[in-house]
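First the structure, in the form of structure tokens, and then the observations on it.
The values are calculated or read from the model by the stated rules, or taken from the named source; none is laboratory data. The shown structure was predicted, so the numbers you read here are calculated from the model rather than taken from an experiment. Every residue, glycine among them, receives a Cβ derived from its backbone with ideal geometry; neighbour counts consider all protein chains shown.
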Amino acid sequence: MSGGLGYDSNPFLGAGGAEGSASTTLNIMPSITFVDGVDRAVVAGSYNRQDFFTRYGSNNGYQASASGHKQFDARTGIDVVASYDSSILGGAGNFAPIGQVVPITPGAGGTGTGIGSGAADSGSLPVVSAPIGTAPVVTIPVDGDIGLIGLRQRRKTVSTSASASYLLSERTSLFGGVNASRSTYPGGARQSILLGDFTQYGANAGFSRSINELSSVGLQVSASFVDYDRGFSSSFFTPRVTYNRTLSPRWTLNAAVGGAIVHDRISGTSVTVSATGTLCRTFSERGNFCAFASREPSVTGFGGVRTATTAGANLGYRLSEVSTVSASATYNHINNGAPELSEGVLPASQDFTSVDGSYQRQLGRHVSALASAGYRHVSSGFRTAGGATGGDSVFGRLGLTLSLGGLR
């Protein structure tokens, strides 16, 4: 768990100009991992609360997830994930220790087409305990709904996924998976008549074949369907070619390139490029660095399918036995596929940029000091009577973390 004091110049990137406030922050992140040989199960949760001294009242979010991996034999394995998330979109309330990943539920943004996996992006990431410095802190999940940033709109998402993999030969493997999620927006009618709850479900399958000890190629296909409560529906089909290569003992490259055939009731049928890629480097046992980029279909509570382009980098590094730093930078661009309209409607495109860094120093066996700071920017926000949401935000926090538990 962690807690501290901080200040944010525009906590929710809301309309009407920047109004700063100091706040207290509390994060509780319990998790338990069960290991039996090669089988593994993780049950995790997270609760974060931010109380502002002026203007904004309080903000809280909570998540829970359970995941498991079962290896039946040397060839066959399955993975299952179930998760729940309730949080204010765009709030920068998380204050997590470095190396502790906050649960994220793609729900509205996942496409089920992750590289080399049967069920990537189809459920939440469980809280993962990692050696200090190996995983940058994740502070600001967006998941496609950039248009909702600034409205203090809560989204609740329940998601589940199951996947299986089979080693056909020493060089060829098969995989497949199914996923489903339900996203709701409590009180969303007050924000826009366009905002609506929806259910998303899909499946994916593919194969991968090793070229040599360092490289593999493959093919993956996915299909996703979205049903909105107000009657609209959308779907997209994504075939892609994959390539994975170990460039050196420290560098790895993963890439997938193909197309996306999108159909929705708003803009009809279209075809666009779909691609993802990651380039990662490890620093022995001290940490790692990853750069990533993607262009994929994305679902939002405003209805229809948007094209989301994302690029960024994460770094986690252990400076010494007692101190660690992390940093991340992400740029998101959403093409809404519609002209800018009147109040209560999204602009034609939106951009969200975030940069943050953290420093953690161990004070004792279970206690550490933690400092973090960051910058966020939203352009072309949602149009309201008070003006367009968005603008800039600078924040900083100081606090302590307490870690309990161990192997048994």
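Summary table below
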{"item": "Gly206 vs. criteria more than 21 Å from the chain's Cα centre (by Cα), more than 21 Å from Asn335 (Cα to Cα) and either outside any strand (DSSP E or B) or not basic (Lys, Arg) (or both)", "result": "yes"}
{"item": "Residue check for Asn60: assigned to a strand (DSSP E or B), of a type in the set (S, T, N, Q) and surrounded by fewer than 18 Cβ atoms within 10 Å (Cβ to Cβ)", "result": "yes"}
{"item": "Of residues in the stretch 294-324 being charged (D, E, K, R) and part of a strand (DSSP E or B), the one farthest from Ser224 (Cα to Cα)", "result": "Arg318"}
{"item": "Test: residue in the stretch 339-354 that is modelled with pLDDT of 65 or more, over 21 Å from Thr307 (Cβ atoms), surrounded by 14 or more Cβ atoms within 10 Å (Cβ to Cβ) and within 22 Å of the chain's Cα centre (by Cα)", "result": "no"}
{"item": "Any hit, the stretch 248-264, residues being in contact (Cβ under 8 Å) with a residue 24 or more places away in the chain, aromatic (Phe, Trp, Tyr) and assigned to a strand (DSSP E or B)", "result": "yes"}
{"item": "Count of the stretch 360-386 residues which are over 25 Å from the mean Cα position of the chain (by Cα), at pLDDT 80 or above and not hydrophobic (A, V, I, L, M, F, W, C)", "result": "6"}
{"item": "Filter result for Gly218 (surrounded by 16 or more Cβ atoms within 10 Å (Cβ to Cβ), over 24 Å from Thr157 (Cα atoms) and in contact (Cβ under 8 Å) with a residue 40 or more places away in the chain)", "result": "yes"}
{"item": "Number of the exception - Phe232 against (1) among the aromatic types (Phe, Trp, Tyr); (2) under 30 Å from Gly61 (Cβ atoms); (3) within 25 Å of the chain's Cα centre (by Cα)", "result": "(3)"}
{"item": "Single condition Leu279 does not satisfy, out of (1) of a type in the set (A, V, I, L, M); (2) modelled with pLDDT under 95; (3) surrounded by fewer than 17 Cβ atoms within 10 Å (Cβ to Cβ)", "result": "(2)"}
{"item": "Any pair with Cβ under 8 angstrom, 6 or more apart, that starts in the stretch 161-182 at a residue that is under 29 Å from Phe225 (Cβ atoms) and surrounded by fewer than 20 Cβ atoms within 10 Å (Cβ to Cβ) and ends at one that is of a type in the set (Asp, Glu) and modelled with pLDDT under 95", "result": "Arg182/Asp197"}
{"item": "Members of the stretch 53-85 that are within 30 Å of Ser23 (Cα to Cα) and of a type in the set (Lys, Arg)", "result": "Arg55"}
{"item": "Residue satisfying condition, being out of contact with any Cys (no Cβ under 8 Å at 6 or more places or on another chain) and farther than 28 Å from Tyr317 by Cβ, within set Gly231, Gly287", "result": "Gly231"}
{"item": "Those residues of the stretch 22-57 which are farther than 20 Å from Phe395 by Cα and in a loop (DSSP other than H, G, I, E, B), in sequence order", "result": "Met29, Pro30, Gly37, Val38"}
{"item": "Odd one out for Val394 among (1) at pLDDT 95 or above; (2) over 25 Å from Ser298 (Cβ atoms)", "result": "(1)"}
{"item": "Residue match in the stretch 232-241 (condition: crowded, with 18+ Cβ neighbours inside 10 Å, part of a strand (DSSP E or B), among the β-branched types (Val, Ile, Thr) and in contact with a strand residue (DSSP E or B) (Cβ under 8 Å, 6 or more places away or on another chain))", "result": "yes"}
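This table checks each residue for (1) of a type in the set (Ser, Thr, Tyr); (2) closer than 22 Å to Asp351 by Cα; (3) at pLDDT 90 or above.
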position: Ser124; (1), (2), (3): yes, no, no
position: Val128; (1), (2), (3): no, no, no
position: Ile132; (1), (2), (3): no, no, no
position: Arg155; (1), (2), (3): no, yes, no
position: Ser161; (1), (2), (3): yes, no, yes
position: Tyr166; (1), (2), (3): yes, no, yes
position: Phe175; (1), (2), (3): no, no, yes
position: Asn204; (1), (2), (3): no, no, yes
position: Ser210; (1), (2), (3): yes, no, yes
